[in-house]
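Read the structure below first, then the notes.
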Amino acid sequence: MAVPKKRTSLSKKRIRKNIWKKKAYWAAEKAFSLAKSLSTGKSKSFFVQQTSNKVLE
């Protein structure tokens, strides 16, 4: 079984963790921005099929 030869320093561990958190932050920011543009109807790069609220008889 492969075992690391030396312990990873705290600063390196913190840097990697922050990079991982920043990726998640930007993904959430992008999703929120898309949701806002869809709700206002100003989206130019995303198309939503409009459905009518009429009751079929």
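Just so it is clear, none of the values below were taken in a lab; they were calculated from the coordinates. The structure presented is a predicted model; accordingly, all values stated were derived computationally and were not measured.
Applied to the stretch 21-29, the Karplus parametrisation 6.51 cos²θ - 1.76 cosθ + 1.60 on θ = phi - 60° returns per-residue 3J(HN,Hα) values of 5, 5, 4, 5, 4, 5, 5, 5, 4 Hz, with x for Gly and Pro.
Subtracting the Cα-Cα distance of residue 14 and residue 40 from their residue separation scaled by 0.36 nm leaves 5.5 nm.
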